[in-house]
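What follows is a short report on a single structure.
The values are calculated or read from the model by the stated rules, or taken from the named source; none is laboratory data. On a predicted model such as this, the values are computed, not experimentally measured, just so you know. Ideal geometry is used to build each Cβ from the backbone, glycine not excepted, and the neighbour counts take in all protein chains shown.
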Amino acid sequence: MPVFEMELHLPVKVFRRAPFIYTGVDSRSLILGAFSDPLTNRGMNLQRAFPLLVSSRHPDGRLADQLFSLAFLYIDDDERRRLHLTHPILLEGEGEALETLLSGANRIASTLGCASMDIEAHHEVLGSISFPSSMSPISYDLGKATLIGLNEVSLIKKGFRAVEEIRCLSADIHYLEDRLSDEKRSNEYVAAASPKEFKEIEKMCRSLPIRSYTLSNADATLNPAENIPISEGTTWIIRRRRRWGFGELTVEGFMRWSPNLFEAMERFRTPYLPLFQDILRYEYRAGKVFEWGFRSRDKGIILPLLSAAAEAMKHMGIETIQLGCVDFRQGFLKNLLEEYGFKVVHRIRLMRRTVEH
Amino acid sequence: MKELDILFIHPATHYRSSDQDGRDLVTFLVMPLGTLALADLLDRNGYSTVVYHTGIEQLQDRSFKVEDIFRLYEPRVVGIDLHWFVHSYDAVRIAEIAKHNSNAHVVLGGFTASYYAEEILNRFGCVDAIIRGDAERPLLELMRHLENSELGGVPNLVYRGRGVIKRSRREFIAGVDDLRGLDYANFELLHNRERYCRLISQSGDLDPHPWRVSVKRHAWLPLGRGCSVDCSYCGGGRGAQRLITGRPEPIYQPKEQVLETLSKFMEYGIDSVYMDFDPYPDRRYYHELFEMIRREGIDISAQFLLWSLSDRGFVREFARTFNPLYSTLTISPETGSEEVRIRNKGFHYTNEELTRWLEYAKEEAVPVEAYFSTGLSSETPEAFEETIRLAERMVKRYPIASIACNPLVLEPGSPRHLSPEDFGLRIKFRDFLDYYERFRRLALGLPPESRLGYDTEWQSEHQIIDNSFRFNQMISSMKEGFQ
């Protein structure tokens, strides 16, 4: 029986076994080999990121890396601390080291006073999943990553339960455009927002009642959307004139999309693509709406935004459009998208376990 | 107590915290690259050897005292590196402790010790000998000659013999064949090696971002010795090398040996290496080395310090060779003023050439670290404004992972130290004692008489220090959290 040990270490081989794009606030620091972003909570500065590496020790004393997961501490909307684990990457072996990873993570979560420890499990992956592919700041290229098989039944036996399912849907952009052009709709008030304009209305957008899923609104640092660069034509806003107002326009919805940076990563091989804004100018085959929000379930809000985003993508030569971060409670959106040719291609299950203190 | 042939001690720089507690803290934690290789060489030649790093020991255990080592070991020889001047006080302090707590022969080595060999031996009775320049063969021969006290036959040695300071006649300058036999990766000899490999900067307790969590293992990769140019401020340039080691031209480590070192680093789980040896702009050596690294399938990141600007081909080769997770290219334009750059840098370039190079880095998706200095010769306050403007442009337009501006401290043996008038300097550090005193005061928490060791014709020491504060504040305000 091998002996497993856990340490805090992000070895370079993780990037080879599971190429990823990092969108954390401290990407510059990570390049230099450190996580620098602390979580300030109840007057304390707490370590935010924990690179969990489990290795097995050979009889000659040598260590062989087995499993890796990046864990992030965050504060949920009810002010509770939670530890979020990304889907573990298999570096060697068959995944027997999972128990060591979970008990190690539990120790950290307990020390930090976390209410729970969550695992982000890529439950279903069909075809190519565009960037971003995670709820955390680390998005693996799921077509290449050697993920450990996470058996839901065995996780349930270990005390986890599924608390969220987040979906990503995908469609052929030409088909979508044809379907949308059949619709009679007004897109009078749909406009692209410049980075500066979006900054000004960001708060308003992020307070819309129907929104893309994020781990926490209270602690936005982990949200990959926070650090994905905004460039021309990637952020769309729909405004409407209030019935009772005098010409005042209100934000009714928004969508932000990104080209599939995993395609650029094949050429540029860097996890820090968001630092290289010119990267957005290259040719991409797929794009993803990764952040969105609507004031209501009104098709008249959603479809014009989708149309504008699709048109901008098509202009860049993109052929596949994806829309992510749809949580399982938002069946209306899934149904609407399916009407227009979208299919669910990616499901992330969030498995949660209460921390044993 | 265990008998030991040689105990190497790296003297981290101590300073006293300025708060009420007046805690004893450490900084400048990187060991000279040759220390482990020397230890390994002696070990392979049958001498029992251990390496202690006082800073790492203190970070591991705040109650650590150098005296503790002498309760564990009884060494015949204590070797203390005094390569960088920042260790001037601590190296001598440790020599005193070694003399007081053992019967060991105390030997110093490294550039600063070499440069000031006679003065150190004259002033500090706790130091028995100093090896000037390359130390491999001299140290081996010193071990052999200690028994018969025939130290005159040990090359590169300055020593005390019957109360008189003597210099041996023989000279040793390491050649490629000498370098070929060295092993820089024998971490087994280093006490608390795991903690040392977790270091990601020199700063130690002076780290401005102490909450940062180190997630990689890092090592310094030996690539050669010497330099082909003289920068006004550098104590390791061509002239200083000739003066201190006698080396006329740079030499590279054999490429096969570099590959072997990298393979050993990988066995130790090292993720990234620091590569700081780039004396010839054609970089033929590196094009070949990089190809060999790729062929061998060595998966490691690199922080490569470019001494001059490269062509685009080099940037591309670098990106193809190293794991991008922790890889950066580092440049040191030093100043925004082309005129000041020409006056001070051995390898200089125009701002337009710099911008073109930054475009290459951006197009090849390689993050850049950039370093500036202040206190350069001919740098006026107006010229420093050019530095600030250039840095601003770089941060706005290019993938800068890290950027900083440090006030230059006068380095012993640098052109500015040797001929201050030629460079418009009024110097305050001349002798070893000046450096010793500077760092003694730091260790005791006393205000320094001078921090940099000079004023220039164009700016006072105070102005120069203020420049760096202003620069670093400007960078912080440009991008919140930029580190």
> Can you spot a residue in the stretch A:58-71 that is surrounded by 17 or more Cβ atoms within 10 Å (Cβ to Cβ), in contact with a strand residue (DSSP E or B) (Cβ under 9 Å, 6 or more places away or on another chain) and over 24 Å from B:GLU194 (Cβ atoms)?
Replying inline: no
> How many residues are buried (at least 21 other Cβ atoms within 10 Å of the Cβ) and of a type in the set (Asp, Glu) if we restrict to the stretch B:32-72?
Replying inline: 2
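This table checks each residue for (1) more than 25 Å from the chain's Cα centre (by Cα); (2) in contact (Cβ under 8 Å) with a residue 12 or more places away in the chain.
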{"position": "B:ARG295", "(1), (2)": "yes, no"}
{"position": "B:TRP307", "(1), (2)": "no, yes"}
{"position": "B:ARG316", "(1), (2)": "yes, yes"}
{"position": "B:PRO324", "(1), (2)": "no, yes"}
{"position": "B:HIS348", "(1), (2)": "no, no"}
{"position": "B:LYS362", "(1), (2)": "yes, yes"}
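Table: residues versus (1) free of Cβ contacts under 8 Å to residues at least 12 places away in the same chain; (2) out of contact with any Lys or Arg (no Cβ under 8 Å at 6 or more places or on another chain); (3) not aromatic (Phe, Trp, Tyr).
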site: A:GLY61; (1), (2), (3): yes, yes, yes
site: A:ASP76; (1), (2), (3): no, no, yes
site: A:ARG80; (1), (2), (3): no, yes, yes
site: A:HIS84; (1), (2), (3): no, yes, yes
site: A:SER103; (1), (2), (3): yes, yes, yes
> How many of the residues in the stretch B:302-349 are in contact with a His (Cβ under 7 Å, 6 or more places away or on another chain) and either of a type in the set (Asp, Glu) or surrounded by fewer than 17 Cβ atoms within 10 Å (Cβ to Cβ) (or both)?
Replying inline: 2
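From the list A:PHE262, A:PHE290, A:PHE254, which residue is within 21 Å of the chain's Cα centre (by Cα) and part of a helix (DSSP H, G or I)?
A:PHE262
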>> Taking the condition of being over 19 Å from A:ARG80 (Cα atoms), more than 7 Å from every other protein chain (Cβ to nearest Cβ) and at pLDDT below 85, how many residues in the stretch A:28-42 meet it?
In response: 0
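With the condition being hydrophobic (A, V, I, L, M, F, W, C) and surrounded by 14 or more Cβ atoms within 10 Å (Cβ to Cβ), I'd like the strands (runs of 3 or more DSSP E) fully within the stretch A:102-204 carrying at least 2 qualifying residues.
Numbers: elements: A:116-125, A:138-140, A:161-172, A:190-192.
In the stretch A:102-204, A:116-125, A:161-172, A:190-192 are the strands (runs of 3 or more DSSP E) which contain 2 or more residues that are hydrophobic (A, V, I, L, M, F, W, C) and surrounded by 14 or more Cβ atoms within 10 Å (Cβ to Cβ).
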> What do you reckon, is A:HIS84 under 19 Å from A:LEU53 (Cβ atoms) and in a strand (DSSP E or B)?
Replying inline: yes
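Does the stretch A:278-295 contain any residue that is within 14 Å of chain B (Cβ to nearest Cβ) and buried (at least 16 other Cβ atoms within 10 Å of the Cβ)? Spell out the reasoning first.
Of the stretch A:278-295, the ones within 14 Å of chain B (Cβ to nearest Cβ) are A:278-282.
When the remaining residues are screened for being buried (at least 16 other Cβ atoms within 10 Å of the Cβ), the result is A:279-280.
Checking the stretch A:278-295: at least one residue is within 14 Å of chain B (Cβ to nearest Cβ) and buried (at least 16 other Cβ atoms within 10 Å of the Cβ).
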> Scanning the stretch B:321-337 for residues that are polar (S, T, N, Q) and assigned to a loop (DSSP other than H, G, I, E, B), which turns out farthest from the other protein chains (Cβ to nearest Cβ)?
Replying inline: B:SER337
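Kindly provide the set of residues from the stretch A:1-16 that are facing chain B (nearest Cβ under 10 Å) and either more than 13 Å from B:ASP271 (Cα to Cα) or among the acidic types (Asp, Glu) (or both), ordered by number. Reasoning before the result, please.
Looking only at the stretch A:1-16, we keep the residues that are facing chain B (nearest Cβ under 10 Å), and these are A:7-16.
A:GLU7, A:LEU8 - these are the residues of the stretch A:1-16 that are facing chain B (nearest Cβ under 10 Å) and either more than 13 Å from B:ASP271 (Cα to Cα) or among the acidic types (Asp, Glu) (or both).
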>> Given the options B:ILE400, B:ILE427, B:ILE464, B:ILE475, name the one that is modelled with pLDDT of 95 or more and either within 28 Å of B:LEU358 (Cβ to Cβ) or not aliphatic (A, V, I, L, M) (or both).
In response: B:ILE464
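Among the residues of the stretch A:310-329, which ones are within 22 Å of A:LEU142 (Cβ to Cβ) and not in a strand (DSSP E or B)?
Within the stretch A:310-329, A:MET313, A:ILE318, A:GLU319, A:PHE328 qualify.
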>> Conditions first: (1) closer than 20 Å to A:ARG239 by Cα; (2) modelled with pLDDT of 90 or more. A:TYR213 passes all but one, so which condition is the exception?
In response: (1)
> Any idea which of (1) more than 30 Å from B:ASN472 (Cα to Cα); (2) surrounded by fewer than 23 Cβ atoms within 10 Å (Cβ to Cβ); (3) out of contact with any Leu (no Cβ under 8 Å at 6 or more places or on another chain) is the one B:TYR286 doesn't satisfy?
Replying inline: (2)
> Can you name the helices (runs of 4 or more DSSP H) wholly within the stretch B:405-483 that have at least 3 residues being touching a residue at least 40 places away in the same chain (Cβ under 8 Å) and under 24 Å from B:SER332 (Cβ atoms)?
Replying inline: B:415-418, B:461-478
> Going through the stretch B:243-259 one residue at a time, which ones are surrounded by fewer than 16 Cβ atoms within 10 Å (Cβ to Cβ) and among the charged types (D, E, K, R)?
Replying inline: B:GLU249, B:GLU256
> Name the residues in the stretch A:17-27 that are at the interface with chain B (Cβ under 10 Å from one of its Cβ atoms) and of a type in the set (A, V, I, L, M, F, W, C), would you?
Replying inline: A:PHE20, A:VAL25
>> I'd like to know if the stretch A:110-117 contains one or more residues that are under 17 Å from A:ARG349 (Cα atoms) and assigned by TED's automatic domain parsing to the domain that holds A:LEU46.
In response: yes
> For the stretch B:369-402, how many residues meet the condition of being at the interface with chain A (Cβ under 10 Å from one of its Cβ atoms), touching a strand residue (DSSP E or B) at 6+ places or on another chain (Cβ under 9 Å) and either assigned to a helix (DSSP H, G or I) or of a type in the set (A, V, I, L, M, F, W, C) (or both)?
Replying inline: 2
